[in-house]
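The values are calculated or read from the model by the stated rules, or taken from the named source; none is laboratory data. Nothing here was measured: the structure is a model prediction, and the numbers come from that model. Cβ placement follows ideal geometry from the backbone for every residue including glycine, while neighbour counts extend to all protein chains displayed.
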Amino acid sequence: MPRPSLVEQHQKGAGPWARRLLQRVRQSERASRAGDVTVTRVSVIGGSGSGAGTPGADGADGAPGFPIPGLDGVDGLDGSPGPQGPAGAIGAAGMGIPGLDGVDGNDGMDAAQGARYFYPVLHLFLDGAQTTGGTKKNWSFPMPYAGSFYKALLKATTGPTGAAIIIDWHKNGTTIWTNQANRVQIAAGATYGKQEQSSFGVTSFVEDDVMTVDEDQIGSTIAGSDVAVELVLKVAVTP
């Protein structure tokens with residue numbers, strides 16, 4: 001039960017004017033409980049009266065107020081741009097997709113292999129003082145394979161004087177120098193002589209050809225001595 005108001009506490013002994021005031025106060029209290037007004041403490045001081053007054057009817061509730069919307073505020077000014085932020089971190093490296101393997105190319109053709117040769121040497125040593133004659137030392141040599149004549153060489157311990165020492169190689173009894181001026185020789189006063197491949201009139205031989213040596217000329221004053229006679233051959237290597 002709500003606590004009696006101050007006015008109700010002084011109701012007893014109040015006159016008619018006090019009852020009217022009490023009625024107004026009650027109306028104010030109801031409005032206060034509704035939240036419309038605030039009631040302060042009221043004390044009625046007066047003499048005592050007699051008689052009972054008729055309470056007045058409750059007043060009607062006030063109409064609700066209408067809110068008035070406020071005006072929109074003025075837009076504020078744009079703020080100054082902020083400082084530039086730090087650079088972002090470097091992104092992770094992307095993963096590339098490996099390309100497909102290329103198609104293997106066709107095998108290249110084998111390069112042609114160049115011809116290979118070896119160079120055997122026929123050697124005859126004519127020792128002592130030199131003398132002319134055919135088939136020196138009765139030496140003959142059957143060829144074991146085919147090839148070509150490459151170079152002719154002479155070397156004397158004591159060289160001839162007055163005339164040259166001239167040597168002639170024969171194949172199967174015939175000179176290989178068609179032009180006899182090209183025969184290999186050691187000039188007078190010298191100890192060495194040679195002829196190159198281009199000097200030969202007969203340039204090749206086959207297996208079982210027989211080689212011999214003739215000494216066609218010696219020194220006229222000093223014959224010369226201890227002569228090494230060599231014929232270099234050129235033979236292709238068979239794979």
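Matching residues to (1) over 30 Å from Arg116 (Cα atoms); (2) among the β-branched types (Val, Ile, Thr):
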site: Gly147; (1), (2): no, no
site: Pro160; (1), (2): yes, no
site: Ile166; (1), (2): yes, yes
site: Gly189; (1), (2): yes, no
site: Val202; (1), (2): no, yes
site: Ile222; (1), (2): yes, yes
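Of all residues in segment 198-225, those that are surrounded by 15 or more Cβ atoms within 10 Å (Cβ to Cβ) and assigned to a strand (DSSP E or B) total 10. Before we move on, is Ala152 assigned to a loop (DSSP other than H, G, I, E, B), modelled with pLDDT of 95 or more and touching a strand residue (DSSP E or B) at 6+ places or on another chain (Cβ under 6 Å)? No; evaluated as a whole, the condition is false for this residue.
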